[in-house]
1. May I ask you to compute the full-extension gain from Arg43 to Phe165, defined as 0.36 nm times their residue separation minus their alpha-carbon distance, rounded to one decimal in nm?
2. Of Tyr164, Tyr139, which has the most accessible area with a 1.4 Å probe, and how do the rest follow in descending order?
3. Would you pull out the residues with amide H under 5 Å of Val130's amide H, same chain only if 5 or more places away, H placed 1.01 Å from N?
4. Which ³J(HN,Hα) values in Hz, rounded to whole numbers, follow from the phi angles of the range 166-175 under the Karplus curve 6.51 cos²θ - 1.76 cosθ + 1.60, where θ = phi - 60° and Gly and Pro get x?
5. Taking θ = phi - 60°, what integer Hz values does the Karplus form 6.51 cos²θ - 1.76 cosθ + 1.60 yield along the range 49-61, in sequence order, with x for Gly and Pro?
6. Only bridges whose two residues both fall in the range 57-139 count here: according to DSSP, what percent of them are antiparallel, nearest 5?
Amino acid sequence: MIGIWSGLLRWTALLVGIFVVLTPVAAETALQLYAKYVSKRVRLFRSDAQTGWSNRPDLLAKRTNAVGRQWSIRTDKNGQRIIAQNPSAGHKILVLGDSLSFGEGVEVEDRFDVKMLSSLSDTRVINTGVMGYGTDQEYVVFTKWKHLLETGDTVLIMLNQSDYFDVLRRHFFGRAKPYLEKEGGTFVLRPPRIGFWERWSYSSRLASVIARLLEPPAAPENLDFPRSIEIIRFILGRVREKVPRGVRVVLAHQGTRDLLEPKLGLSSTIFCQFVDICVDLDDVLAADPAHVLPDGHWSASGHGAVADALSKAHHD
């Protein structure tokens, strides 16, 4: 009788072990097949020790946006979307931003900077936008590219409502990101704390899901907006200090009117002291609500507001 029970226990343990091993394998296989044949979504990002994640280089992919339109992504060796422009143009515009700068949901020829190039002579764009980035990550990107800037060039910083939330995060959609921490009366930039699940998630669909589930939720009502403003002001101040002589800094910002003014009574000029030209996109929206397309991106008037500012920076 003891031998029978011993045998049953061994078989039970073996079956449980097989189940424990096969269940994750089956789940991973199912997720990989779904991504490949159903959603047809290739991975857009790779792990980055400085920014947390970055666009994959030499990528060719298609996505469907929020309104059901298909859009394509083609990146170069730096992970930037490839656009038609003159690579030897005399002036450069370094664009720092997130999904709006990247052009999420639209073909690259409809992206704001590409449309602006037609009105900016002898100019080329270095658009470093990455979906999900906060102003802190954009600052890290700026430090990587600023060595290319020369007198007459322009840095365009895109600041929108999501940045007030993003600069307070240490993770975003299961991915670690750099963050600023107060120390000795100033802020210190900390590198992303990329853990096991995050490293694995760049090759495993199952690990990607688990990494997102492990991320603590960020409740907007609990976010410290005065702190996020302090962080953004600090970052803009550092950009102002580090930008090469003769390079103009343009800030195009959105969200003060709808987010910060009602909550804190702040003016849209709170960040303008750090830049040469300030563009309040809330004013554009208020004057022409139709400038936002159904998929959340700009129409001609949105492009025009920033293009006018860049043209002014270019000619001043």
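1. Stretched fully, the Arg43-Phe165 segment lengthens by 41.5 nm.
2. Tyr139, Tyr164
3. HN-HN under 5 Å from Val130: Gly97, Asp98, Phe102.
4. 5, 6, 9, 8, 10, 9, 9, 6, x, 10
5. Listing the rounded values in order: 5, 9, 9, x, 8, 8, 5, 5, x, 6, 9, 9, 8 Hz.
6. Roughly 55 percent of the DSSP beta bridges within the range 57-139 come out antiparallel.
The values are calculated or read from the model by the stated rules, or taken from the named source; none is laboratory data. Keep in mind that what you see is a predicted model, and the values were worked out from it rather than measured. Ligands, DNA and RNA are excluded from the accessible area calculation, which covers all protein heavy atoms including side chains. Shrake-Rupley method; radii C 1.70, N 1.55, O 1.52, S 1.80 Å.
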